[in-house]
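The values are calculated or read from the model by the stated rules, or taken from the named source; none is laboratory data. It should be emphasised that the depicted structure is a prediction, and the values quoted were computed from it without experimental measurement. Here the Cβ positions follow ideal geometry from the backbone for every residue, glycine too, while neighbour counts run over all protein chains shown. The area values use the complete protein model at the heavy-atom level, side chains included, leaving out ligands, DNA and RNA. Shrake-Rupley method; radii C 1.70, N 1.55, O 1.52, S 1.80 Å.
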Amino acid sequence: MAATASFSVTSAHGPRTLTLAYTRVGRGEPLLLLHGIGHHRQAWDPVVDLLAAERDVIAVDLPGFGESPALPQGLPHDLATMNAALAALCDTLELDRPHVAGNSLGGLLALELGREKLVRSVTALAPAGFWSPAERRYAFGLLQAMRQAARGMPLPVVERLSRSAAGRAVLTSSIYARPGRRSPGAVVAETLALADAQGFTEILRAGTSVRFTDDVPGLPVTIAWGTRDRILVRRQGIRAKQAIPRARLVRLPGCGHVPMNDDPALVARVVLDGSRRTPAPAAQHA
């Protein structure tokens, strides 16, 4: 069962109250988990217990996704607002510079939090923002098609498809390399989450002009990419490494765009290893 946190965020029209849903489990240094567009915090369920053995794990529904309401009027669905909301959430929950791990949109937000020095370490799984214009158009077209399919499919059809591995592949093979591993209930829930995501259109529109080109100095950064990612092709990881030269670039064999389901043990190890790293030294210049 999700808890909620409410806090004030400034806008051009004055302060606005924002509420985010989250779950929290485990003990240790805090670790914030951020999902991708159209998904919800349960995307992390396959790895939460593994992470909670060493970390105080906070999995968040981003504004307009899962159980978190859309941003109130006057707050745009852009990176600056999303990160201001996450920073305010950390203040409200008294998280002192948590580690952060994010997937897709969540990976981009994690890197933005790192760039602003609001976190201790960043692990970004297939982060958005390292695409070419053609790759972005392809990814956004696929995401829009997935959203349209989810919204147009009656619930009884979704439930029927979820009962077989072949049906779960129909519903989720765009994001999972091994969709048969996802439980029927989880597949139904995330299909509904995609269909109902209030923030989807605005976030996608805001993303049309997004490119992440800055370094993230002074923090341990891990970039990880699945070898079977069908949404953000893995060559984008090379661009991420070029932008953040001291980042650790990790290959996730046999994993799709949302790798937590495809290989939970590997992903948990990558996230925990990333949160144990110390910052790489800056390059020395003669």
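Descriptive notes on the structure:
- Alpha carbon centroid spacing (whole Å) that separates the range 17-42 from the range 114-155: 17
- When 277, 163 are compared by accessible area of protein heavy atoms, the largest-first order is 163, 277, using a 1.4 Å probe.
- If you take the Cα centroid of the range 219-271 and the Cα centroid of the range 161-212, the two points sit 19 Å apart.
- Label zone at residue 192, where the point sits 7 Å out along the Cα-to-Cβ direction: the range 149-167 residues whose backbone N lies under 18 Å: 149-164
- Calculated translational diffusion coefficient of the chain (25 °C, 0.890 mPa s; Stokes-Einstein with Kirkwood radius over alpha-carbon pairs) equals 130 µm²/s.
- Simple Cβ-charge dipole of the range 204-286, Lys/Arg +1 and Asp/Glu -1, about Cα centre, in debye nearest 20: 180
- In the context of the full set of protein chains, residues of the chain present 43 Å² of accessible surface per residue (probe radius 1.4 Å, heavy atoms only).
- A dipole drawn for the chain from +1 and -1 charges on Cβ atoms has a positive end, and of 275, 92, 5 the residue lying farthest that way is 275.
- Only helices enter the 222 nm calculation for the chain: every DSSP H run of n ≥ 4 contributes -39,500 (n - 2.57), and dividing by all residues gives -12000 deg cm²/dmol, rounded to 500.
- Residue-level accessible surface for residue 67, protein heavy atoms, 1.4 Å, Å²: 110
- Solvent-accessible area assigned to carbon and sulfur over the chain amounts to 52 percent, based on a 1.4 Å probe.
- In plain terms, the chain from residue 13 to residue 151 could stretch by 46.4 nm, reckoned as 0.36 nm per residue minus the Cα-Cα distance.
- Projecting the alpha carbon convex hull of the range 109-171 along each direction and taking the average yields 6.5 nm².
- Fully extended contour minus Cα-Cα distance, from residue 3 to residue 230, at 0.36 nm per residue: 78.4 nm
- Residue-span extension gain [residue 173 to residue 205] - 0.36 nm each, minus C-alpha spacing: 9.1 nm
- Radius of gyration, Dmax [the range 36-195; alpha carbons; angstrom]: 16.5, 46
- About its Cα centre, the dipole of the chain is roughly 960 debye, where the only charges are +1 on Lys and Arg Cβ and -1 on Asp and Glu Cβ.
- At 1.567 mPa s and 4 °C, Stokes diffusion of the range 161-251 via Kirkwood alpha-carbon radius, µm² per second: 83
- Applying 1/(1 + (r/R0)^6) with r as the Cβ-Cβ distance of residue 138 and residue 116 and R0 = 30 angstrom yields a FRET efficiency of 0.50.
- Positive-end extreme of charge dipole, the range 1-105 - chosen from 38, 71, 105 (charges on Cβ): 71
- Measuring only protein heavy atoms, the 1.4 Å probe finds residue 225 accessible over about 10 Å².
- Cα-only Debye scattering, the range 1-110: base-10 log of I(q)/I(0) at q = 0.14 Å⁻¹: -0.50
- Exposure of residue 78 as accessible area (Å², to 10), given a probe of 1.4 Å and all protein chains: 50
- Rounded to the nearest 20 debye, dipole of the range 108-204 from Cβ charges on Lys, Arg, Asp, Glu: 320
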